Amino acid sequence: MKIEIVKPAEIETRSFEIIGEILGGRVLDPENEAVIKRCIHTSADFDYADNLHFSKGVTSLLADALKQGADIVTDTMMARAGINKSKLGQFGGQVHCFMADEDVARDAADRGVTRATVCMEKACAIKKPVIIAVGNAPTALIRLKELIEEGRILPEGIIAAPVGFVNVVESKDQIMELEIPHIVARGRKGGSNIAAAICNALLYR
């Protein structure tokens with residue numbers, strides 16, 4: 001097999017061309033196409049052309065919220081690292097991840113809950129619009145839904161992409177029941193890289 005010669009600056013563009021070639025004649029929803037292709041680009045997994053669920057108008061709504069300065073709260077440092085903080089900062093937003101905070105670790109240990117649970121509670125103290133992007137912990141989504149129902153937080157939107165087995169599918173299904181704008185990676189697939197990829201696609205929309 002012949003190695004394709006591609007200049008460094010052209011690798012991403014060529015990657016998206018290949019994605020288009022593999023998708024063939026399939027037509028994606030123009031509203032959500034950039035998000036879908038960004039997830040495929042990040043993972044090389046074409047299942048994301050089918051398993052991403054978008055509530056009505058969510059892509060435009062969340063992109064606009066970010067451009068108006070909304071912050072992002074993630075459940076992993078990996079997702080935080082993957083989000084383009086420079087681009088977000090141009091709009092006046094920042095990314096928060098509380099997983100490494102000492103008070104979060106202490107509270108989680110004292111109560112016998114996950115740090116992700118406490119992180120969602122800590123997000124309630126942010127006094128500006130926020131988007132919640134979960135790429136690892138279904139417990140974050142479970143607690144987030146409770147906090148919304150308790151009236152303690154009302155995010156601009158939710159990106160639900162935890163990966164794994166225990167309560168992963170169930171926690172995502174709960175988010176899809178909410179009227180809050182959401183993008184959900186249905187099933188067991190997802191991850192911090194997918195959560196970050198969705199955020200970045202929205203930032204560059």
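Data for the structure
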quantity: Long-range amide H partners of residue 96 with built H, under 5 Å; calculated: 72, 73, 74
quantity: Over the chain, relative contact order from alpha-carbon pairs under 8 Å, at least 6 apart, %; calculated: 25 percent
quantity: Which labelled figure in [x] 38, 18, 14; [y] 30, 18, 17; [z] 33, 17, 12 is semi-axes √(5λ) of the Cα gyration tensor in Å, once derived from the coordinates; calculated: [y]
quantity: Within the chain, longest stretch clear of exposed GluC sites (Glu not before Pro) (DSSP loop, no more than 11 other Cβ within 10 Å); calculated: 5-149
quantity: Coil-residue trypsin sites (Lys or Arg not before Pro) of region 127-158, DSSP, other Cβ within 10 Å capped at 14; calculated: 127, 152
quantity: Anisotropy class of region 1-67 from Cα gyration tensor, a/c 1.5 cut; calculated: prolate
quantity: Selection of trypsin sites (Lys or Arg not before Pro), region 1-83, meeting DSSP coil and at most 15 other Cβ within 10 Å; calculated: 2, 26, 56
quantity: The chain: most fluctuating residue of 13, 74, 59 per GNM, C-alpha cutoff 10 Å; calculated: 13
quantity: Cβ-placed point charges (K, R +1; D, E -1), dipole of the chain about Cα centre in debye, nearest 20; calculated: 400 debye
quantity: Within straight-line cross-link reach of residue 127, lysines at Cα separation under 28 Å, skipping those fewer than 8 residues along the same chain; calculated: 56, 67, 85, 87, 145, 172
quantity: Formal net charge of residues neighbouring residue 61 (Cβ-Cβ distance under 14 Å; K, R +1; D, E -1); calculated: -1
quantity: Shape category assigned to region 99-205 from the gyration tensor of Cα positions, a/c cut at 1.5; calculated: rounded
quantity: Sparse-neighbourhood loop sites, chymotrypsin sites (Phe, Trp or Tyr not before Pro) in region 43-98 - DSSP loop, at most 15 other Cβ within 10 angstrom; calculated: 46, 91
quantity: Inter-site label distance for residue 103 and residue 10 at 7 Å from Cα along Cβ, in nm; calculated: 5.3 nm
quantity: Förster radius 41 Å - calculated FRET efficiency between residue 2 and residue 128, Cβ distance, rounded to 0.05; calculated: 0.20
quantity: Accessible-area composition of region 87-205, carbon plus sulfur, in percent [1.4 Å probe]; calculated: 49 percent
quantity: Crossing angle, helix 138-149 versus the chain [Cα axis fit, 0-90 degrees, rounded to tens]; calculated: 60 degrees
quantity: Solvent exposure of region 51-177 as accessible area per residue, Å², 1.4 Å probe; calculated: 45 Å²
quantity: Computed [θ] at 222 nm, helices only, for the chain once each DSSP H run of length n ≥ 4 contributes -39500 (n - 2.57); calculated: -14000 deg cm²/dmol
quantity: Part-to-part distance (alpha-carbon centres) for region 5-29 and region 120-140, which is given in Å; calculated: 33 Å
quantity: Computed lengthening from residue 165 to residue 51, 0.36 nm per intervening residue step minus Cα-Cα distance; calculated: 39.4 nm
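The values are calculated or read from the model by the stated rules, or taken from the named source; none is laboratory data. Bear in mind that the values here come from a model prediction, so they are computed numbers and not experimental data. Note that each Cβ is placed from the backbone with ideal geometry, even for glycine, and that neighbours are counted across all protein chains shown. Accessible surface areas use protein heavy atoms only, side chains included; no ligands, DNA or RNA. Shrake-Rupley method; radii C 1.70, N 1.55, O 1.52, S 1.80 Å.
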